[in-house]
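Since the structure comes first, as structure tokens, the remarks are kept for the end.
The values are calculated or read from the model by the stated rules, or taken from the named source; none is laboratory data. Values in this document were obtained by computation on a predicted structure and should not be read as measured data. Cβ placement follows ideal geometry from the backbone for every residue including glycine, while neighbour counts extend to all protein chains displayed.
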Amino acid sequence: MDFKGIHDRLRALSAPGLIGADEPRRPDPADKKDKGRYGVAFVRVEAARIVEFLTLCRDDERLAFDLLVDLTATDPAADDENLWVGYQLLSTTQHQRLAIKVTLPKAEPAIESAAAVHRAAQWHERECAEMFGITFLNHPDPRNILLPDDWVGHPLRKDYVFPKEYRGISCE
């Protein structure tokens, strides 16, 4: 099934939290500011419904997205008020992929953990928590895996200021 077929199936199932789809497109020659959008097609989902959405994607026999390949976050810009969380799903039986994006407010980024649906989410969520400051609610093991427990800030945010020193060691 191609992306349009997957999106149609999600709409037919009234997938919980489905906001819409975004596909790559060429720039509009009439609008000089329009740069188009390149990359992968994705669906947008409400943060509050992500677990229900992922469960439907896994359990529907025609979708059968049984593997979480990646879960990551991005900070589009220092002056942007939102973070994006991206999920990449794979169906090993249907041989199809699905990209999902969720928007979270930078001020208090929190979302339900996907670990109950896909165990692989545990490690990805721990990394996103450290690097972007996202709280994954009901995560089974929220310990740090990359940074020391006393590290201040979230290094992959655009507004992060790298420390000059950590425990007496120069970071410059």
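Tabulated values for the structure
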read-out	value
Selection from segment 72-105 of residues that are crowded, with 18+ Cβ neighbours inside 10 Å and over 13 Å from the mean Cα position of the chain (by Cα)	Ser91, Gln96
Selection within segment 24-42 - part of a loop (DSSP other than H, G, I, E, B) and surrounded by 13 or more Cβ atoms within 10 Å (Cβ to Cβ)	Pro27, Val40, Ala41
Scope segment 1-21; condition surrounded by 15 or more Cβ atoms within 10 Å (Cβ to Cβ) and either in contact with a Pro (Cβ under 6 Å, 6 or more places away or on another chain) or part of a helix (DSSP H, G or I) (or both); matching residues	Phe3, Ile6, His7, Arg9, Leu10
Test: residue in segment 132-139 that is touching a strand residue (DSSP E or B) at 6+ places or on another chain (Cβ under 6 Å), at negative phi, hydroxyl-bearing (Ser, Thr, Tyr) and surrounded by 17 or more Cβ atoms within 10 Å (Cβ to Cβ)	no
Residue in segment 4-16 that is hydroxyl-bearing (Ser, Thr, Tyr) and more than 22 Å from Gln94 (Cα to Cα) present	no
Matching residues in segment 76-93 - criterion: being at pLDDT 95 or above and either outside any strand (DSSP E or B) or among the aromatic types (Phe, Trp, Tyr) (or both)	Trp84, Tyr87, Thr92, Thr93
Of all residues in segment 55-71 being part of a strand (DSSP E or B) and surrounded by fewer than 19 Cβ atoms within 10 Å (Cβ to Cβ), the one that is farthest from the chain's Cα centre (by Cα)	Leu67
Filter result for Ala99 (part of a loop (DSSP other than H, G, I, E, B), in contact (Cβ under 8 Å) with a residue 24 or more places away in the chain, small (Gly, Ala, Ser) and out of contact with any Cys (no Cβ under 7 Å at 6 or more places or on another chain))	no
